[in-house]
Amino acid sequence: MVEQNLLLLLVLTPFVSAALAATLPVGSRNAETWLAGLTMAVVLGVLAVLYPAVDEGGTITSKLEWASSVGLDLSFRMDGFSWLFMVLVAGIGMLVLVYARYYMAADDPVPRLYSCLLAFAGAMSGLLLSGNIIMLVVFWELTSIVSFLLIGYWYHRQDARDGARMALIVTATGGLCLMVAMILIGQIVGSYQLEDVLAAGPQITGHRLYPVVLILFLLGAFTKSAQFPFHFWLPNAMAAPTPVSSYLHSATMVKAGVFLLLRFQPALGGTDAWFQIVTGAGMITMLLGAFVALFKHDLKGLLAYSTISHLGLITALAGIGTPLAIIAAVFHIVNHAVFKASLFMAAGIIDHETGTRDMRRLSGLAHAMPVTATLAIIASAAMAGVPLLNGFLSKEMFFEATYVWNNGSPLDNWAPYIAVLAASFSAAYSLRFIVTVFFGPKATDLPHEPHEPPALMRLPVFVLVAACLAVGIAPQATLGNWLTSAGMAILGPDLPHFSLKLWHGVNPALIMSLIATGLGVIIYLLPRRWIDRGEEGLRITRALEFARFFETGLQFATVTLPRRMLRRISATGLQGQLRVMVLMGMAAAYFALGPLDWNITLPEISSRELVFALLWLIGGACALAAAWQAKYHRFAALILTGGVGLVTCTTFVWLSAPDLAVTQLLVEIATTALLLLGLRWLPKRDEEIAGDNNFTSRFRRFRDLMIAVTCGLGMTAIALAILLTRPGSSVGDWFLRHSYVEGGGTNVVNVILVDFRAFDTFGEIAVLAIVGLTVYALLRRFRPALESVERPRPQVEAEEQALEAYLFIPAVLMQWLFAPIIALAAYLFFRGHDLPGGGFAAGVTFALGLLLQYVASNVRWVEARLTILPVRWMATGLIVAASVGLGSWIFGAPFLTTHYQYLELPWIGKVPASTAMLFDVGVFSLVVGAIVLMLIAIAHQSLRVAPRSRPTESEEQS
C-alpha cells in the first residue's frame, strides 16, 4: 500500500509544485529554484525507495476507480524501464532548473517558466507510469500542450509563436492518431490495461486490423520523436529558451516517442511491417539529421538536427527489435539524454556570455572560457562516439545490432552501411562544433566580451559530463544493474546476457566505429566553402528541412481551401449559413428515417389534448408574430419571443416536469434581460431586403417559413414516434427507484445532475465558464461609436440625468425587489435536492437580481453599491466542484461519488445532508459568475457616455 501511494506521489508532486510556482511573484528566481529543486529531489528520493521493488523484473501497480464500466481507471504502473526513464526526467530536470536560475534574466516571467517546466515533468511522469493506455494518451497530449507553452515562452517573438504552433499541430495530430490506435487495441484485446495489452502480442499482430493499428500508432510515435517526415518541427522549436530546449529535447518530450516504441514493441513488434517501417524511418531520419546538422551555423540548430539523428538511431534499434537491439536502444536513450542536455546547456552558456550562437562569429573561446570549453569538448566527443565516453559504447552496440543478420531484406543488408555513413556525419559535425567554436583565433565580432559564467551555472554541465566519463569508463558499475532491470521490464525472460565493458576485442562493431570516425574527419576536412555556405547556399539542406512544405500545406488547408469552399457552397450572411445547415440536417434525417415504418396508431384525442393544442396555437402565433415584427420592431419581436418561452415553460408544467419549468422560466428572464441590454447594438437591417413591396423579400420569408414548418413537423413526428413505440420501462424508472436510496434525494432530476451524471454537469459548467470568458473577451475590446462621443460633456450629462429621472420608479422597484430575489435564490438552492430547484436555478435567480439592477439603473450607480468579482466566482465554482469530486478518491470511491446522511441539529431535528450540496455550491457560484461576467461586458457597451482612457473599476476587477 505504501508503494502504491508513493507511485501516486510521483505523478501528483510536480503538478502541485507547478501550481505553487505559478503563484510566486516575478523576480523570485531563488524561491522558484528552491521549490523546483526540492520537488525533483523528492521525486528522486521516492524513486530510490521504490527501486528494490522494480529490480529483477518487479512491477508496482496502483489503481483508482473512475469509469470502470468502460475500462477507464486511473491506474499507474512502474517497472524497471519506466523507473529508469523517471530518473532521467527528475535528475536532468533538477539540473535544468538550477541552470535556468542563472540563464534567465531577473525581469523575465520566471514563475511561468518554472510552472510549465514542473507541469511538463508531471505530464511526463503520468505518461511513463500510466497503466491504462487511454490515460497514457491523455498525458501524451498534455505534454504537447505544455510544450506549446514552453516553446512559445517568449511569445513576443514571431519565431517562438511559429515554432510553438508547428510543434503543437504536428504532435497533437499524431496524438489523435495514437488515441484511435489505442481504442482499437483495447477493442482487440478486450482491455485497456497496459499489462493485458503487452501480453497479447500474437493476438494483436494476427488481427485483421493490425495494419491500421500499426500505422496510427507509428504516426503518434513518429510525430512526437521527430522522425522523417515529421522531423521539421523540432529545429523550429529552438526558439524556446535554452533550459527548455535542454529539457524537452534530451530527456522528455522527444524521448516520449521512442519510449512508446520500446514499451509496445512486445505487443506490436516482431513483424515484417514493423521492421520495414520503423527501421526504415529510423535509418532515413538518422542519416538526414546528421547530414543537415553538418551545415548548420546556429549552435542550437546543429544540436537540434543532431537530436533528430540520434532519435533515428534509437528508432532504428526499436525496429530491428532483437533483444540486444532493445538493450542498445535503452542504453543510448540514457547516454543521449546525458550528453545532449550538457551540450544544450553549454550552447546556452556560450550564447549567454557572448551574445550570439552563430558559429561563423564564434572562434577561440577556449582562451576566454577554458572550463566551459573543456566540458563542451568532452560532451561533443561523447556525441561523436569517442572511446572512454558513454556514446562510444552504445554506438558500438548499435553497429553490432545492424551488422548481425535479421531477416535478409534489402533494408537489413544496407543497414550497416547507412549506420556507418550517418555516424561519420555525426563525427564530422561534432568535430566542427569543437574546432570552430573553441579553437582558432580569438573572435573580435561578438556582442559581449566572453568570460566564464557563474560556477553554479556550469555545475549542471559538470555533473552531466562527469556522468559521460563515469559511464564510459565503468559502464557496468554505473549503469549495468539499472539497464538490466529496464531490459527485463521490456523483454522479460527473453533478456539476453550482455556485458558492458570497454574492450570487446577486434570485432565488426569496432571496425565500423573506426571507419565512421575516420570518414567523419575526412568529411570535415573537405573544402570549407561547402560547409560555410550552410543552409543558405545548399538547396538540398533547405529541401530536407521540410518546414516550408508544412507552412505551404497549412496555408492551403486553413486559408486557401476554406476560402474556395466558402465561395462555392456558403452563403454570405449568417441567415443563409443557418439555412444551409438546417436543410442539410433535414436531408440527413429524411434519408436516415425515411425507410422506417411510420404506420403508428395515434391515441384518442380528448378535451385535455385540445386544450394543450390551443396552448401551442398561442405559442405558434407568438413565434410567427415575432418573425414578422423582427422586420419592423425588434423590441416587440423580443417580447413575442418571450411569449413562446412562457408557452414552453407551461408545457413543462403540463407534462409534470417542474424542474425544467423553473429552469426554463429563469433562463427566459435572464436571456430577455441580456438581450435588452444588447439590443441597441444590433446592426440595422438592410432596407432593400426588409422592404414591404420587395418580391425577393416576400419569397425569402415564405421559403424560411416553409423550412421552419417542415422541420417542426418532422421533429414532432420523431418525438411522437418515440413516445408511442418506446417500451413500457425505461432508464427513467431506474432513476425513480434509486434516486432516494442511492442519492439521498427525492428530486430525481437534481439527483441525476449532481450524483448519477455529475461528471456531465461538471463538464457543462466548465463549458459555461468558457462561454462567459469568451463573451467578455470579445466585448471588452468592442467600443462602438456612440452619438454622445462628439458632443459636449454637459449635454451628455444632461441626457444622463434625464434618463435617470425617467428610470427612477423602475430603479426603485428593482432595488426593493433585490432582497426578495436573493431570498428566493437561497430558497431554491436549499430545496433543490428534494424539490424543484438546485444550484443552477439558484445561481440564475441570484444573477437575475443583479441583472435587473443593471436594466433599470445607471451602470455606475449599480457598481458603486454592488461589488462582485465574477471571474473569482467562476474559479471558486470550478474549484469547489472539482474538490468534491476529488474528495471521494480519499475514501477509495470513484470520482464525484456522493455521500449523504441525516444530521441532528439543535432545535431543528434531523435534516438531510449530502456532499452533492457542496457540488451544487460550485454550480451556483459558477453560474452566478458567468452570467454576471457577460452582464458586465454587455452593460458597459450600453453606457451612454464618452469612452474613457482607463477601464472602469469593475472591468479591472473582472
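The values are calculated or read from the model by the stated rules, or taken from the named source; none is laboratory data. Bear in mind that the values here come from a model prediction, so they are computed numbers and not experimental data. Note that each Cβ is placed from the backbone with ideal geometry, even for glycine, and that neighbours are counted across all protein chains shown.
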Self-check item: the stretch 238-261: number of residues that are within 21 Å of the chain's Cα centre (by Cα) and more than 24 Å from ILE350 (Cβ to Cβ)
Solution: 6
Quiz item: Do we find that LEU896 is over 25 Å from ALA819 (Cβ atoms), in contact with a helix residue (DSSP H, G or I) (Cβ under 9 Å, 6 or more places away or on another chain) and modelled with pLDDT under 85 in this structure?
Solution: yes
Exercise. Six or more apart or on different chains, Cβ under 7 Å: which pairs go from a residue in the stretch 1-21 that's charged (D, E, K, R) to one that's surrounded by fewer than 21 Cβ atoms within 10 Å (Cβ to Cβ) and not in a helix (DSSP H, G or I)? Could you list them?
Key: GLU3/ILE60
Quiz item: In the stretch 1-12, how many residues are surrounded by 15 or more Cβ atoms within 10 Å (Cβ to Cβ) and over 12 Å from LEU129 (Cβ atoms)?
Solution: 1
Quiz item: Of the residues that make up the stretch 850-859, is at least one under 35 Å from the mean Cα position of the chain (by Cα), surrounded by 15 or more Cβ atoms within 10 Å (Cβ to Cβ) and modelled with pLDDT under 75?
Solution: no
Practice problem: Output the residues belonging to the stretch 901-937 that are crowded, with 19+ Cβ neighbours inside 10 Å and either aromatic (Phe, Trp, Tyr) or part of a strand (DSSP E or B) (or both). | Solution: SER914, PHE919, PHE924
Quiz prompt | Of all residues making up the stretch 692-743, the number that are touching a helix residue (DSSP H, G or I) at 6+ places or on another chain (Cβ under 8 Å), at pLDDT 75 or above and either in a loop (DSSP other than H, G, I, E, B) or among the polar types (S, T, N, Q) (or both) | solution = 2
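Among PHE139, PHE120, PHE148, which is the only one that is within 21 Å of TRP66 (Cα to Cα), aromatic (Phe, Trp, Tyr) and buried (at least 17 other Cβ atoms within 10 Å of the Cβ)? Before you say what the answer is, go through the steps one by one.
On the way: PHE120 fails: within 21 Å of TRP66 (Cα to Cα); PHE148 fails: within 21 Å of TRP66 (Cα to Cα).
The unique qualifying residue is PHE139.
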Quiz item: Among the residues of the stretch 319-326, is there at least one that is under 12 Å from ALA221 (Cβ atoms), touching a Phe, Trp or Tyr at 6+ places or on another chain (Cβ under 7 Å), part of a helix (DSSP H, G or I) and not acidic (Asp, Glu)?
Solution: yes
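Checking the condition closer than 29 Å to LEU365 by Cα and in contact with a Gly (Cβ under 9 Å, 6 or more places away or on another chain), which residue from PHE291, PHE275, PHE230, PHE295 passes? First the steps, then the outcome.
Numbers: PHE291 fails: in contact with a Gly (Cβ under 9 Å, 6 or more places away or on another chain); PHE275 fails: closer than 29 Å to LEU365 by Cα; PHE230 fails: closer than 29 Å to LEU365 by Cα.
After applying the criteria, what remains is PHE295.
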Quiz item: Is it true that some residue in the stretch 466-484 is closer than 19 Å to PRO370 by Cβ and β-branched (Val, Ile, Thr)?
Solution: no
Practice problem: Consider ALA239 carefully, then state whether it is within 30 Å of ASP445 (Cα to Cα) and among the small types (Gly, Ala, Ser). | Solution: yes
Quiz item: Of the numbered conditions (1) among the aliphatic types (A, V, I, L, M); (2) under 35 Å from the mean Cα position of the chain (by Cα); (3) at pLDDT below 70, LEU773 satisfies every one except a single condition; which is it?
Solution: (3)
Self-check item: Residues located in the stretch 411-428, provided they are buried (at least 24 other Cβ atoms within 10 Å of the Cβ) and without any contact (Cβ under 8 Å) to a residue 60 or more places away in the chain
Solution: none
Exercise. Check whether at least one residue in the stretch 376-388 is polar (S, T, N, Q) and part of a helix (DSSP H, G or I), and report yes or no.
Key: yes
Practice problem: Only residues in the stretch 451-463 that are within 18 Å of ILE378 (Cα to Cα) and assigned by TED's automatic domain parsing to the domain that holds GLY355 count as the first member; pair them with residues that are modelled with pLDDT under 95 and not in a helix (DSSP H, G or I), Cβ under 7 angstrom, at least 6 apart or cross-chain, and list the lot. | Solution: GLU452/MET369
Self-check item: Count of residues meeting criterion [farther than 19 Å from LYS63 by Cα and buried (at least 17 other Cβ atoms within 10 Å of the Cβ)] in the stretch 192-210
Solution: 6
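Anything in the stretch 154-206 that is outside any helix (DSSP H, G or I) and at negative phi? List them, or say none. Spell out how you get there, then give the answer.
Looking only at the stretch 154-206, we keep the residues that are outside any helix (DSSP H, G or I), and these are 154-157, 190-193, 199-200, 206.
TRP154, TYR155, HIS156, ARG157, SER191, TYR192, GLN193, ALA199, ALA200, GLY206, listed by residue number.
What tally of residues in the stretch 429-452 results from selecting those that are basic (Lys, Arg) and either buried (at least 20 other Cβ atoms within 10 Å of the Cβ) or within 26 Å of LEU288 (Cα to Cα) (or both)? Walk me through it before giving the result.
The first filter runs over the stretch 429-452 and keeps only residues basic (Lys, Arg), leaving 432, 442.
Retained after the next criterion (residues that are either buried (at least 20 other Cβ atoms within 10 Å of the Cβ) or within 26 Å of LEU288 (Cα to Cα) (or both)): 432.
Total meeting the criteria: 1.
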Self-check item: Test set (1) under 13 Å from ALA930 (Cα atoms); (2) modelled with pLDDT under 85; (3) part of a helix (DSSP H, G or I); (4) of a type in the set (A, V, I, L, M) - MET874 fails condition number
Solution: (2)
Quiz item: Restricted to the stretch 566-600, and to residues that are under 29 Å from SER697 (Cβ atoms) and assigned to a loop (DSSP other than H, G, I, E, B), which residue is modelled with the highest pLDDT?
Solution: GLY573
